[in-house]
Amino acid sequence: MRADPAVFRDLLNLVDPEAFPRDDIESFRRRLQQREKEATDLQVLTARRATSRQRKSVLKELLATHGGDPAVARMVQQCEAAEDSSARVWEELANYVRETYRISRRVIRHRRNSDSTQDYPVAGRRAIFIPLDDPARNVVDDFLDRYRELLAEEPPDAARTQYSLAVLNGLGGPRALLHHLKRRLAARPGRPMAVPERDRALVESTVARLELAETGTRMAAALDIVQGHLDKEQKVVIVGTSHAIAREFYEAATNRWPKLVGAHLENTEPHARENAVSDFLHEPRGRVLVGDSTLEEGRNLQGAHTLVNLDLPIDPNRLEQRIGRLDRFARRVRPAEIAVFTEPTSDWVSAHVRLLHAGIGIFDESVATLQRRLAEILDDLVERLLKEGSDAFAADVDELRYDLAQERNDVDLLEELESVAIAADFDPAGVADLRAAEENTDELRDAFLELTSLKSGIGLRPAVDRSGILQFQVKHNAPIQGLPDDKARAVWPLLRGRRTFEREVATEHGGVAPLRIGDPLVEWIDQYLRTDERGRARALIRPCPAVREPVLWMACDFLVEFDASHLPSESETLTRRVRRRGDALLPPTLVRTWTNAFGPAPPRLVTDVLGVPFNEDRDRVLVGRAWDEVLEALPDWASLCRLSADAAHDELRTMPVIAEDPVASARRARTAVAARLAVLRARAERLPSAAERRSARQEAVQEETVGLALVKGVEHPAVSVIACGVVVLWPSI
């Protein structure tokens, strides 16, 4: 983001239009530069190698910039008076300035309403209420009232389920209820949908009345709405909760506009759905897409102009998901129209629409952040329907609006707490390492290409073009050098697509993914290398004029990494998640030692002789008859190897990777775990319901267990020998 200040400024303008106006980019650039300089300066306050003069210079600048803040002024004075540069107050000052004066303290994720995004291509929503005078509505409402009285004698749980389904279909209109009741009458006795004998007379008489009445009013109105938008060459999405009604509408629309209608329905093939959505979005003319519940999630339909609701779900979260298909970032000026049928003469429909519109406000702005509270409203509604009928939808709309506003505030607070928890995992050193790794991907490129080359690893045959895009040349079902057939079958599907080592290339080219952790192929290679138990040992004879008699030197490649065995869990998912955290704190490190029976090799010998690559014209692989002369010269071969290995382990224990790094990593782990626990405990106190607080406490208990395993796993890392080699230096004349 910060590589392009204009883009970063625009995103912050979404969060706070007043604080980040779009008309002065130069002012924002200066502000951004100041913040970045300040971020660098703050690292000086807590850096162990920073001089006293450097720290005093930073304190002076902070006082000049934020001296009006009493907290800053107080902590600056405390730092100036502190004799110890590692005193706690230095870190407190740095953290306070970071948290209080960072560019933005808000989360963008949920800020999608029209007020904060009016200058951006964000769709928004605008309800169009269409009154209907449905001649068969009285039959529906009469059935719902009478059916409630009959169900009073049935077991409460079964009665609630049956009645809520009847209400859902009844609110969808006479035709939806007719389909529902016919399906129930056709169900075999003993099935959940079957109609008990006590209720059969009412159900059969209602079906008869509906078949005699005109039940196509709602569908005819929806077709007329679609026609109006097609006349303007606009795209229309039509959704019905009832699959039967959605299918019926699709057939009617196809007869009327044969080449303009696509289906996204329950019984359509996945590829047909994909084609329908693609045609809908990319055809330049007006189009129609008809869907049922399968269209309510996971689709980006912001290219559509209007959503026509053949019905409204009882569950507000499902309705939000449906509207959210259109209310997304989109390149058009006007918000998406949400067509809602109202029936002023029906108490049932009027009460339902009033709850959704005046109470929840779902037709005005996104309520996606209120899922928990909306789920509670649904549970309460289903509980009361059987007792109160249409009155169950009645609510004090002012009180409900206030309640939901408070919920939004709570969500914002929890988001802020979560952002602190996430930030606690990254210290300045970790961020600096990450930046350095992202700026120079040469090591990543070289290592990956070496690993996946035909010569020395898994033969995936990677090819990188001039633009930096990586593709694999292995054909599907073709053998892969270095892999058994079962492993090859597992990796074939993962080789598709285009990747790159450079993040800049990924952002410039659509459909190109950065090759990083999270890529299924990277995850597969990681898991394969962890479970590959093939031995890796080598031995060679190398002439050396500096020795008078044969000498054995052993190279051991040690892998030092986070030890996940301390985690008392058999959950593979949890183990993988904790391993990720452990790897971040103590990155896996490969260390090579050169030792013989008496200790480590001199550095000059390693550089000039032992560590140079194999040369066919000079070196000999220790195989076959070569063993005879080596064993004759070194009859205590096994003992020399054992003593050399012991010396390698002794040397490893003196290296920073064992002696220093785990201690520092454990210290960071304790800090990160403490921060996470503080957040979880705060959430356990802050969440509104007892069930959520109990869940948060359980999560805190799990974090304590995980945290203990995390600290142990980095403080006492796992050490394994992944390769071993012997070089016998042989006297040369």
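The values are calculated or read from the model by the stated rules, or taken from the named source; none is laboratory data. In this text, all values refer to a predicted model and were calculated from it rather than measured experimentally. Reconstructed Cβ throughout: ideal geometry from the backbone, glycine too, with neighbour counts over all protein chains shown. Note: accessible area is taken over every heavy atom of the protein model, side chains too, but ligands, DNA and RNA are not part of it. Shrake-Rupley method; radii C 1.70, N 1.55, O 1.52, S 1.80 Å.
Can you tell me how the stretch 593-641 classifies by the Cα gyration tensor, rounded, prolate or oblate, using a/c under 1.5 as the rounded cut?
Values: a/c = 3.06, a/b = 1.17, b/c = 2.62.
Cα axes put the stretch 593-641 in the oblate bin.
For the stretch 182-188, 3J(HN,Hα) computed residue by residue from phi via the Karplus equation (6.51, -1.76, 1.60; θ = phi - 60°) reads 5, 5, 5, 5, 7, 5, 5 Hz, glycine and proline entered as x. Only protein heavy atoms count here; on that basis, with a 1.4 Å probe, Y250 has an accessible area of about 50 Å². In a solvent-free Debye calculation with one equal scatterer on each Cα, what is log10 I(q)/I(0) for the stretch 157-224 at q = 0.15, 0.24 Å⁻¹, listed in the order of the q values? Scattering profile of the stretch 157-224, log10 relative to I(0): -0.51, -1.10.
The shape of the stretch 173-293 comes out oblate: with a ≥ b ≥ c from the C-alpha gyration tensor, a/c is at least 1.5 while a/b does not beat b/c.
State in Å² the accessible area per residue of the stretch 584-727; use a 1.4 Å probe, count heavy atoms of protein chains only, and round to the nearest integer.
Values: 8230 Å² over 144 residues.
Each residue of the stretch 584-727 exposes 57 Å² on average to a 1.4 Å probe.
Evaluating 6.51 cos²θ - 1.76 cosθ + 1.60 at θ = phi - 60° for every residue in the stretch 469-477, the Karplus couplings come out as 9, 9, 9, 9, 9, 6, 7, 4, 6 Hz, glycine and proline recorded as x. Take the Cα of S565, step 7 Å toward its Cβ, do the same at D628, and the gap between the two points is 4.4 nm. Could you work out the pair-distance distribution P(r) of the stretch 564-655 from its alpha-carbon pairs, with 10 angstrom bin width and percents rounded to whole numbers? Going out from 0 Å in 10 Å bins, the stretch 564-655 shows 13, 25, 28, 18, 15, 2 percent.
Listed values for the stretch 66-77 are Karplus-derived 3J(HN,Hα) couplings in whole Hz (6.51 cos²θ - 1.76 cosθ + 1.60, θ = phi - 60°), namely 10, x, x, 8, x, 5, 5, 4, 5, 5, 4, 4, and x replaces Gly and Pro. When N counts the residues of the stretch 467-568, how does its alpha-carbon radius of gyration compare numerically with 2.2 N^0.38 Å, as a ratio? Against the compact-globule rule of thumb, the ratio is 1.61. The length gained by stretching the chain between K475 and E450 to full extension, at 0.36 nm per residue less their Cα-Cα distance, is 7.0 nm.
Across all Cα atoms of the stretch 509-632, the radius of gyration (one decimal) and Dmax (whole number) stand at 21.0, 64 Å.
The tail of the calculated P(r) for the stretch 254-294, taken as Cα-Cα distances beyond 12 Å, holds 56 percent of the pairs. For the stretch 148-233, with all protein chains in place and a probe radius of 1.4 Å, 53% of the accessible heavy-atom surface sits on carbon or sulfur.
Using only the heavy atoms of the protein chains and a 1.4 Å probe, how would S278, S644 rank by accessible area, largest first? Numbers along the way, then the final one.
Working: S278 50, S644 0 Å².
The ranking, largest first, comes out as S278, S644.
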